[in-house]
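The values are calculated or read from the model by the stated rules, or taken from the named source; none is laboratory data. Keep in mind the model is a prediction, meaning the values are calculated, not measured. Cβ: placed from backbone, ideal geometry, glycine included. Neighbour counts: every protein chain shown. Calculation scope for accessible area: heavy atoms of the full protein, side chains included, ligands and nucleic acids excluded. Shrake-Rupley method; radii C 1.70, N 1.55, O 1.52, S 1.80 Å.
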Amino acid sequence: MSASPPRPLAISARGPLKGRVTVPGDKSISHRALMFSALAVGESRIEGLLEGEDVLATAAAMRAMGATIARGDDGAWTVSGVGVGGLLQPEGALDMGNSGTSTRLLMGLVASHPITVTFTGDASLSSRPMGRAIEPLAQMGAEITASPGAKGTETLPLMLKGISPAVPITYTLPVASAQVKSAVLLAGLNTPGITRVIEPVPTRDHSERMLRGFGAELTAEDGPEGKIISIRGEAELKPQHIVVPGDPSSAGFWMVAASIVPGSDVTIANVCMNPTRTGLIQALRMMGASIEALAPREVGGEPVADLRVRHAPLKAIEVPPELAPSMIDEYPILFVAASVAEGRTVARGAHELRVKESDRIATMRAALEANGVALEEFEDGLAITGTGGTPIPGGGAAVTRLDHRIAMSMAVAGLAAAAPIAIDDVAPVQTSYPAFFDVLDGLVA
Ligand code: S3P
């Protein structure tokens, strides 16, 4: 994936947001839909796939390893899979762009196939820790070596030599990571016997739900150390018709924008309400936000609802650290909400933010501070003293560091700022929400 040239953009207040939006398909579910379809025997159909750069990186990788993937004129995607165990040796390196999910999940898939794959990525991805995925995959028998140009032995570019048959393991997650959990389960798909992951802290369970939907034998039960997820390997996956629900992480930007801009009233349709993803809604409601979940239903094995969000005065809270895994990607936008709340919001217990697309504690601290927000940085979070409902000063820069969620969060901050916020680069929104600025234009029209 070629890096886009930087696209600077200044954002200022534009009045209330009103109307109905449909957010793009969930990013986590979109990656998994492509990967599992590519391993099924036969043709799957995917509706509502997120067509952002991260997911397109996964599509390109699965094609390079033998799957046939096409987008129809109706916007639905069809995937003809190679069968579990059938991944082919790709001709060149797999470029993962900005996508940690593509990288860690595909490392898992490759680990139990007799192929050797070099993974590369952009500057942001090449500084993110891959040791957390390498450790269990090496236990299963994969060989991982740093490639020339890598900053360390556990960062991209990396070469992974898979093995078949791999060794089934029982692995207790040392960090709360759905990507690492999924990497081990996906390696287990083509490994004889039962591969187990023990998850002390629950993380998003899209892999488990969807693998079951594809016919894999997968169980989850509570044990003394946490949830025990077991998958029987050498599975045969059956092709599926998947409808991807809307991404709650993308919906988060409109939830906060509507909550903090006076006069706003926005309905966000078709949002995935999987309980492992709804931490932001819980935190915003604790702050006094007006978020109504309408027409609850099930789509593609996931709970879904439409969310009506109206402006409401927000009060500071101590964000419960146990919410972290269910809102890990939403802290940047929560920090924006805290900036206009009344009082001092404290969000701690979120160390993982340091190793996302950017160091999201440092990046948001710098961006908000440059725009007049009073805050304090901790190793594991931020404390933010809000304005009590009046606009933040603004008038400063926001440096996004190739991080889509920083760009969108600071754009929302601009809507509640007295002077424009100059974002250095909004090109990264292509990662997860290519239409973000068009949707914004529609909501303030
Ligand atoms: C994801 C898991 C989370 C999240 C990421 C998507 C997934 O990462 O931050 O955006 O699809 O499994 P971690 O597993 O590193 O927590």
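Which of the residues spanning the range 229-280 are touching a His at 6+ places or on another chain (Cβ under 7 Å), surrounded by 24 or more Cβ atoms within 10 Å (Cβ to Cβ) and hydroxyl-bearing (Ser, Thr, Tyr)?
The answer is 259, and nothing else.
Of the conditions (1) within 19 Å of residue 64 (Cβ to Cβ); (2) in a helix (DSSP H, G or I); (3) over 17 Å from the mean Cα position of the chain (by Cα), residue 138 clears all except one; give me its number.
(1)
Return a yes/no flag: does the range 403-415 have any residue that is outside any loop (DSSP other than H, G, I, E, B), out of contact with any Cys (no Cβ under 8 Å at 6 or more places or on another chain) and free of Cβ contacts under 8 Å to residues at least 40 places away in the same chain.
Within the range 403-415, one or more residues are outside any loop (DSSP other than H, G, I, E, B), out of contact with any Cys (no Cβ under 8 Å at 6 or more places or on another chain) and free of Cβ contacts under 8 Å to residues at least 40 places away in the same chain.
Would you check if there is a residue in the range 364-373 being more than 21 Å from residue 289 (Cα to Cα), under 17 Å from the mean Cα position of the chain (by Cα) and either touching a residue at least 12 places away in the same chain (Cβ under 8 Å) or open to solvent by less than 10 Å² (accessible area, probe 1.4 Å) (or both)?
Within the range 364-373, not a single residue is more than 21 Å from residue 289 (Cα to Cα), under 17 Å from the mean Cα position of the chain (by Cα) and either touching a residue at least 12 places away in the same chain (Cβ under 8 Å) or open to solvent by less than 10 Å² (accessible area, probe 1.4 Å) (or both).
So that you can scan it fast, the table gives a plain yes or no per residue for (1) open to solvent by less than 20 Å² (accessible area, probe 1.4 Å); (2) touching a residue at least 12 places away in the same chain (Cβ under 8 Å); (3) hydrophobic (A, V, I, L, M, F, W, C); (4) in contact with a His (Cβ under 6 Å, 6 or more places away or on another chain):
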site	(1), (2), (3), (4)
112	yes, yes, no, no
121	no, yes, no, no
133	yes, yes, yes, no
145	no, yes, no, no
160	yes, yes, yes, no
174	no, yes, no, no
178	yes, yes, yes, no
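Just checking, how many residues over the range 389-402 are without any contact (Cβ under 8 Å) to a residue 60 or more places away in the chain and over 12 Å from residue 357 (Cβ atoms)?
8
From the set of residues in the range 177-202 that are more than 21 Å from the chain's Cα centre (by Cα) and outside any loop (DSSP other than H, G, I, E, B), which is farthest from the ligand (Cβ to nearest atom)?
Here the answer is 194.
Given (1) surrounded by fewer than 18 Cβ atoms within 10 Å (Cβ to Cβ); (2) farther than 30 Å from residue 308 by Cα; (3) touching a residue at least 40 places away in the same chain (Cβ under 8 Å), identify the lone condition not met by residue 19.
Tallying (1) surrounded by fewer than 18 Cβ atoms within 10 Å (Cβ to Cβ); (2) farther than 30 Å from residue 308 by Cα; (3) touching a residue at least 40 places away in the same chain (Cβ under 8 Å), residue 19 fails exactly one: (2).
Condition (residue is assigned to a loop (DSSP other than H, G, I, E, B), open to solvent by less than 30 Å² (accessible area, probe 1.4 Å) and in contact (Cβ under 8 Å) with a residue 24 or more places away in the chain) applied to the range 31-40: is it met by at least one residue?
no
Spot the failing condition for residue 214; the list is (1) within 16 Å of the ligand (Cβ to nearest atom); (2) touching a Lys or Arg at 6+ places or on another chain (Cβ under 8 Å); (3) open to solvent by less than 10 Å² (accessible area, probe 1.4 Å), and only one is missed.
Among (1) within 16 Å of the ligand (Cβ to nearest atom); (2) touching a Lys or Arg at 6+ places or on another chain (Cβ under 8 Å); (3) open to solvent by less than 10 Å² (accessible area, probe 1.4 Å), the lone unmet condition for residue 214 is (1).
Given the structure, is residue 407 open to solvent by less than 20 Å² (accessible area, probe 1.4 Å), in contact with a strand residue (DSSP E or B) (Cβ under 9 Å, 6 or more places away or on another chain) and away from the ligand (no atom under 16 Å from the Cβ)?
No.
Of all residues in the range 97-122, which are polar (S, T, N, Q) and either away from the ligand (no atom under 16 Å from the Cβ) or assigned to a helix (DSSP H, G or I) (or both)?
101, 102, 103, 112, 116, 118, 120 - these are the residues of the range 97-122 that are polar (S, T, N, Q) and either away from the ligand (no atom under 16 Å from the Cβ) or assigned to a helix (DSSP H, G or I) (or both).
Counting only residues that are open to solvent by 40 Å² or more (accessible area, probe 1.4 Å) and either out of contact with any Gly (no Cβ under 9 Å at 6 or more places or on another chain) or charged (D, E, K, R) (or both), how many does the range 410-434 have?
1
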